[in-house]
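Participant: Pasting a structure below so you can have a look.
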Amino acid sequence: MKRLVVTADDFGLSLQVNDAVEQAHREGILTAASLMVSAPAATDAVARARRMPSLRVGLHLVMVEAWPTLPASDLPDLVGADGLIRRDMGRLGLDLALKPSARRQLSAEIAAQFEAYRATGLPLDHVNAHKHFHVHPLIAGRVLAIGRGYGMRAIRVPREPRAVLRAAEPGCEPKAALDIAPWAALLAVRARQAGLLIPDRTLGLAWSGAMTPARVAGLLRHLPDGLTELYTHPATGAGFPGEAPGYAYAAERDALVAPDAITAIERAGAVTGGFSDFS
């Protein structure tokens with residue numbers, strides 16, 4: 001049986017993102033969105049989510065390169081001079097291993113983001129993280145421990161089979177998605193031990209920021225059995241704070257409302273929804 005969650009990350013990052021999420025859910029195949037609780041347009045995103053109860057919303061934890069929820073003064077090891085959580089993931093990961101103070105600040109920030117999400121009153125469909133930083137073993141342990149107290153029931157495990165990409169785009173040589181394969185496998189084990197629902201595979205890693213209509217439709221035509229999460233970064237346009245350079249935001253929005261994508265899901269016989277619909 002094919003089960004499919006189609007997710008938009010960075011919900012709340014900008015009005016352009018929020019507009020695309022709403023359009024893709026109302027007119028297309030989008031079933032879920034991951035909320036950045038302290039991003040500039042988070043309040044607008046929550047208001048839209050309340051008007052769209054069929055959209056399953058989860059928490060997009062921010063632990064790198066974006067706005068913290070706690071005051072920057074409470075996070076001296078994590079936040080840079082610009083007031084954003086640091087961009088240097090490698091060094092930040094090392095600091096978390098070496099500095100007890102950094103780990104305490106991280107735990108406090110994760111809890112604050114869960115608390116901010118709870119304050120929205122929205123059901124918590126799933127949890128994932130900006131840049132997939134939750135696969136870091138030290139971060140994963142804190143997310144799993146803290147999330148339990150906030151009703152976390154599903155978490156993204158970023159593992160993408162190369163065979164599906166090659167079937168979707170014959171002749172392609174997809175780049176390595178991330179150097180996280182062992183960490184993702186460890187996260188899968190820990191999540192299952194915690195009783196959480198995880199996808200069998202996550203599509204959108206190698207082509208992050210380039211999930212064009214042709215690629216999305218191709219992936220959906222070759223959808224394997226089991227639970228698949230296909231995640232995207234839609235927006236109606238670029239030019240907003242926090243955007244990722246080079247991302248084809250509008251093309252990813254177009255992919256979610258394209259007739260070919262809608263038809264591909266129908267022909268695959270896939271059941272769509274959020275993680276909470278399959279738990």
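Quick note: the coordinates plus some simple rules give every number you see, no bench work behind them. Note that the structure is predicted; figures quoted are calculated from it, not measured. When we count neighbours, we look across all protein chains shown, and the Cβ atoms used for this are built from the backbone with ideal geometry, even at glycine.
Participant: If you take Cα extents along the principal axes in Å from the coordinates, which of (1) 52, 37, 34; (2) 62, 38, 35; (3) 49, 45, 35 do you get?
Facilitator: Recomputing Cα extents along the principal axes in Å here picks out (1).
Participant: From the phi angles alone, apply the Karplus equation (6.51, -1.76, 1.60; θ = phi - 60°) to segment 4-20 and give each ³J(HN,Hα) in whole Hz, x where the residue is Gly or Pro.
Facilitator: Per residue, the Karplus-derived 3J(HN,Hα) values read 9, 10, 10, 10, 10, 7, 6, 4, x, 5, 7, 5, 5, 5, 4, 4, 5 Hz.
Participant: Follow-up. Find, among the trypsin sites (Lys or Arg not before Pro) in segment 118-178, those assigned to loop by DSSP (not H, G, I, E, B) with at most 13 other beta-carbon atoms within 10 angstrom.
Facilitator: Here the sparse-neighbourhood loop sites are Lys175.
Participant: Something else now. Where the only charges are on Cβ atoms (+1 Lys, Arg; -1 Asp, Glu), what is the dipole of segment 53-149 about its Cα centre, to the nearest 20 debye?
Facilitator: 260
Participant: Distance between Cα centroids, segment 142-210 to segment 1-26: provide it in whole Å.
Facilitator: 18
Participant: Under 18 Å from the Cα of Lys175, which lysines turn up, not counting those fewer than eight places away in the same chain?
Facilitator: Correct list for Lys175: Lys131.
Participant: Just grab the label-to-label distance for His222 and Asp82, each label 7 Å out from Cα along the Cβ direction, in nm (one decimal).
Facilitator: 3.7
Participant: Still on this model: Name the aspartates and glutamates eligible as straight-distance cross-link partners of Lys2: C-alpha to C-alpha under 13 Å, and not fewer than 8 places from it in the same chain.
Facilitator: Reachable aspartates and glutamates: Asp200, Asp225, Glu229, Glu266.
Participant: Shifting gears a bit: Go through Val57, Leu70, Leu92 and say which Cα lies farthest out towards the positive end of the charge dipole of segment 42-136; charges sit on Cβ, +1 for Lys and Arg, -1 for Asp and Glu.
Facilitator: Farthest along the dipole direction, towards plus: Val57.
Participant: I've got another one for you. Residue by residue through segment 207-220, which ³J(HN,Hα) values in whole Hz follow from phi under the Karplus form 6.51 cos²θ - 1.76 cosθ + 1.60 (θ = phi - 60°), with glycine and proline marked x?
Facilitator: 9, 4, x, 9, 7, 6, x, 5, 5, 5, 4, x, 4, 5
Participant: Could you list which residues have their amide H under 5 Å from that of Ala154, counting only those 5 or more apart in sequence or on another chain, with H placed in the peptide plane?
Facilitator: Distant-sequence amide H within range of Ala154: Val127, Leu197.
Participant: Shifting gears a bit: Would you please give the residues with an amide H less than 5 Å from that of Thr232, counting only those at least 5 places away or on a separate chain, with H modeled from the backbone geometry?
Facilitator: Residues meeting the criterion, in which the H sits 1.01 Å from N, are Thr7, Ala8, Asp9.
Participant: Could the peptides 208-214, 32-38, 90-96 be put in order, highest first, of the mean number of other beta-carbon atoms found within 10 Å of their residues?
Facilitator: 32-38, 208-214, 90-96
Participant: Just the ratio, please: alpha-carbon radius of gyration of segment 10-80 over 2.2 N^0.38 Å, N its number of residues.
Facilitator: 1.21
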